[in-house]
Amino acid sequence: MCITCGCDNSAAGHGPVYRHAHAGSGGGHWHADGTWHRHGHEAASEAGRTLRIERDVLAKNDAIASLNRRWLSDRGIFAVNLVSSPGSGKTSLLVATAKALKQEMPLAVIEGDQQTSLDAERVRAAGVDAVQINTAKGCHLDAQMVADALRGLRVADDSLLLIENVGNLVCPAAFDLGEAHKVAILSVTEGDDKPLKYPDMFHAADLVIINKMDLLPYVDFDVDAAIEYAQRVRPGVGVMLLSARTGEGFGAWVAWLRQGVARASARSTPDLDAWRCRVAEREAQLRAQTESIEWS
């Protein structure tokens, strides 16, 4: 049970939460539906325990995210974490991005969903290497999941890594994956007030994309209001208007990614320990290839 959001994200190493009650009346109050809510001494202790576990969970995640960030930075890999509600067009944007950039730069994708590998299959069909993470009942990716995925994904140095998080505008805001930037995607088929309703997510984002602009004539969505709300939550945040289906505004998105990859590559200055790790990784790959040849 993930304390921060209540999801069953046991794959991330979050422990279960055990609740208990004590006999006795204690203080309390009536709810409007006629149910009685008791405030015994356990309420305060349970709340304190929940906060402690939440801090422990996030501290562990942040520590792993820091290692991910260093691993990516040492190799000049520009990692972007795409976050949104379900149905905003994240995967369509990923596929269009893969097709546009796969001949220009090394590119890999990590897909996050509760079930199925459908999105990863769509990305692979576009000619880009992708790994699927299924979180089961979990509602977000975490740093350990990404670390595990990186071990099985061919991510080249000086490349682009796109991470599609689980569709959810709440929990992914709290979990750093080690990415360079979070990009929040909002489609015009959703409410233009989403940034105000889900402020943590839009505050955590370094870029906001308003997607499905081709559908704007058919929906009641105030673009100016959505931009104002996003910048109210995160002053100065950049906003792009685009359509992954028609390509409207797509050039600005691709240019932003190119600039990010160039900056990541320029800042790549691995130290001696990092070089030793990379040599060890390469030696392990060569040993595995040699063993495979010997057995074949």
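Please list, ordered by residue number, the strands (runs of 3 or more DSSP E) wholly in region 24-86 having 2 or more residues that are crowded, with 19+ Cβ neighbours inside 10 Å and either of a type in the set (S, T, N, Q) or modelled with pLDDT under 95 (or both). Once the strands (runs of 3 or more DSSP E) in region 24-86 are filtered for at least 2 residues that are crowded, with 19+ Cβ neighbours inside 10 Å and either of a type in the set (S, T, N, Q) or modelled with pLDDT under 95 (or both), what remains is 78-84. Within region 170-181, the set of residues being surrounded by fewer than 23 Cβ atoms within 10 Å (Cβ to Cβ) and either touching a strand residue (DSSP E or B) at 6+ places or on another chain (Cβ under 6 Å) or not in a helix (DSSP H, G or I) (or both) comprises VAL170, ASP176, ALA180, HIS181. Please indicate, with yes or no, whether at least one residue in region 150-163 is within 22 Å of LEU107 (Cβ to Cβ) and among the β-branched types (Val, Ile, Thr). Yes, that holds for at least one residue. Quickly run through region 204-255 and pick out the residues that are assigned to a helix (DSSP H, G or I), under 21 Å from the mean Cα position of the chain (by Cα) and within 18 Å of SER85 (Cα to Cα). Hits for region 204-255 are ALA204, ALA230, VAL233. Can you say whether ALA147 is surrounded by fewer than 17 Cβ atoms within 10 Å (Cβ to Cβ), within 16 Å of ALA79 (Cα to Cα) and under 14 Å from the mean Cα position of the chain (by Cα), as far as the supplied structure shows? Criteria met by ALA147.
The set of residues from region 150-169 being surrounded by fewer than 24 Cβ atoms within 10 Å (Cβ to Cβ), of a type outside the set (D, E, K, R) and more than 25 Å from PRO199 (Cβ to Cβ) comprises LEU150, GLY152, LEU153, VAL155, ALA156, SER159. For region 119-135, filtered to residues that are in contact with an Asp or Glu (Cβ under 9 Å, 6 or more places away or on another chain), among the hydrophobic types (A, V, I, L, M, F, W, C) and more than 15 Å from MET145 (Cα to Cα), the residue that is surrounded by the fewest Cβ atoms within 10 Å (Cβ to Cβ) is ALA120. Remark: ILE185 falls outside the filter, which requires a residue to be farther than 15 Å from VAL170 by Cα, at pLDDT 95 or above, crowded, with 22+ Cβ neighbours inside 10 Å and under 22 Å from the mean Cα position of the chain (by Cα). If we scan region 202-215, do we find a residue that is more than 26 Å from GLN231 (Cβ to Cβ) and either modelled with pLDDT of 95 or more or surrounded by 24 or more Cβ atoms within 10 Å (Cβ to Cβ) (or both)? So far as region 202-215 goes, no, none of its residues is more than 26 Å from GLN231 (Cβ to Cβ) and either modelled with pLDDT of 95 or more or surrounded by 24 or more Cβ atoms within 10 Å (Cβ to Cβ) (or both). Can GLY127 be described as in a strand (DSSP E or B), modelled with pLDDT of 95 or more and not hydroxyl-bearing (Ser, Thr, Tyr)? No; evaluated as a whole, the condition is false for this residue. Take ASP200 and decide whether it is part of a loop (DSSP other than H, G, I, E, B) and not basic (Lys, Arg). So ASP200 does not fit the description; no.
The values are calculated or read from the model by the stated rules, or taken from the named source; none is laboratory data. Just so we're clear, the structure is a prediction, and the values are computed from it rather than from any experiment. All Cβ positions, even for glycine, are placed from backbone atoms using ideal geometry, and neighbour counts span all protein chains on display.
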